[in-house]
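Bear in mind these aren't lab numbers, they're just calculated from the coordinates by the rules spelled out. Predicted model, so just to flag it, every value in this text is computed and none were measured. Glycine also receives a Cβ, built like all others from the backbone with ideal geometry; neighbour counts cover every protein chain displayed.
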Amino acid sequence: MADNNNIGPKRLVVGAHYGLKDWLAQRLTACVMAAYTIILLVTFLTGSDFSYDGWAGLFSHQWLKVATFTTFLCLFYHAWVGMRDIWMDYVKPVGIRLTLQAATILWLIACAGWAAQIIWRA
């Protein structure tokens with residue numbers, strides 16, 4: 001009976017093994033989003049023009065457009081990791097889980113395309 005205790009170096013390890021990579025990805029993407037929020041707040045609040053033209057002028061800078069899109073990509077990846085974990089933890093039928101994961105991926109890719117279109121619209 002002691003041979004089947006499943007404890008120690010000879011234990012049976014199962015699962016997808018996403019743990020550390022996903023934990024790190026969630027923290028990194030959260031840090032990028034927090035830094036962007038702080039930069040955007042400082043840039044906007046130190047400005048003098050609080051009208052639509054001031055807001056549009058703020059986003060006329062290429063570096064802010066790139067930072068905004070990078071932040072959106074981090075947001076979408078952050079959302080993907082969270083939703084994938086939810087689907088894996090709570091949806092047991094494999095077919096339904098795969099369908100939900102595929103729908104989530106398609107939705108996030110569509111959102112990324114829409115964000116790019118909005119950010120770089122003429």
Around residue 91, with a cut-off of 15 angstrom between Cβ atoms, what is the net charge of the other residues, counting Lys and Arg +1 and Asp and Glu -1?
-> +1
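Stretched out fully, how many nm does the piece from residue 117 to residue 70 gain, at 0.36 nm a residue minus the Cα gap? Don't skip to the end; give the middle numbers.
Details: separation 47, 0.36 × 47 = 16.92 nm, distance 1.37 nm.
Result for the pair: 15.5 nm of gain on full extension.
Return 97, 121 ranked ascending by Cβ neighbour count within 10 Å, so the fewest neighbours appear first. Write down the numbers at each step before the final one.
Numbers: 97 16, 121 6.
Going from sparsest to densest Cβ surroundings: 121, 97.
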Just from the alpha-carbon atoms, what are the Rg and Dmax of the range 17-119 in angstroms?
-> 17.2, 56
